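Quick notes on the structure that follows.
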Amino acid sequence: MSKEEVILTKEGLAKLQAELDDLKYVKRKELAARIKLAISYGDLKENSEYHSAKNDQSFMETRIIILEKMLNKARVVDSDSLDITKVQIGSVAVLNDIEFSEKIEYQIVGPAEADVLENKISYESPLGKELLGKTVGSVVSVVAPMGVVKYELLEVRAI
């Protein structure tokens, strides 16, 4: 994997494209209207609405540039052709927390679409790194703030 490429699942690609489209075709117009309204209040030096809108515009344009660069460098992982005998980017790892005997599932994704609240972890995260290439029955250990956590890999499947 090149440091330049951004690895995404099909779902991640669609999500980033939708965000980009929303920013470019909806939010830009809304912000332009806000700026126009703020300008109508006069005296731009002390116009907090104008400065706030211009600040929001700057953040939005920066996000648009970031998203466009990510999408231009995207490599989409095809989960339909994954080898599910081992954990890879684009697979789901079903784990058993050995200490608490708790079952948990994580999708292994690229950093751009990682979201712990949705159980999507980056292949660059400590757990993601440990899981890559492992097969069912493997035990992995990860250093966490509360100490070392051990997981047994119960199942691997495509997203």
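The values are calculated or read from the model by the stated rules, or taken from the named source; none is laboratory data. In this text the structure is predicted, and so the values were computed from the model without any measurement. Quick reminder, even Gly has a Cβ in these numbers, built from the backbone with ideal geometry, and neighbours come from all protein chains shown.
Points worth noting:
- Verdict on residue 25 being exposed (fewer than 12 other Cβ atoms within 10 Å of the Cβ) and either among the acidic types (Asp, Glu) or assigned to a helix (DSSP H, G or I) (or both): yes
- Residue in region 139-155 that is closer than 20 Å to residue 10 by Cα and out of contact with any helix residue (DSSP H, G or I) (no Cβ under 6 Å at 6 or more places or on another chain) present: no
- Residue list for region 112-140, filter: out of contact with any Lys or Arg (no Cβ under 9 Å at 6 or more places or on another chain) and touching a residue at least 40 places away in the same chain (Cβ under 8 Å): 112, 131
- Contact annotation: residue pairs with Cβ atoms under 8 Å, 6 or more positions apart or on different chains, pairing a residue in region 23-50 that is among the polar types (S, T, N, Q) with a partner that is surrounded by 12 or more Cβ atoms within 10 Å (Cβ to Cβ), are 47/38; 47/39; 47/41.
- Evaluating residue 128 against the criteria (1) of a type outside the set (Phe, Trp, Tyr); (2) in contact with a Ser or Thr (Cβ under 6 Å, 6 or more places away or on another chain); (3) modelled with pLDDT of 95 or more; (4) surrounded by fewer than 18 Cβ atoms within 10 Å (Cβ to Cβ) leaves one unmet condition, (4).
- Odd one out for residue 52 among (1) over 25 Å from the mean Cα position of the chain (by Cα); (2) hydroxyl-bearing (Ser, Thr, Tyr); (3) surrounded by 15 or more Cβ atoms within 10 Å (Cβ to Cβ): (3)
- Applying a threshold of 6 Å to beta carbon distances and a minimum spacing of six or more residues, or different chains, the list of pairs starting in region 141-159 at a residue that is without any contact (Cβ under 8 Å) to a residue 24 or more places away in the chain and ending at one that is among the small types (Gly, Ala, Ser) and in a strand (DSSP E or B) reads 148/141.
- Residues that are outside any helix (DSSP H, G or I) and without any contact (Cβ under 8 Å) to a residue 60 or more places away in the chain, drawn from region 63-87: 83
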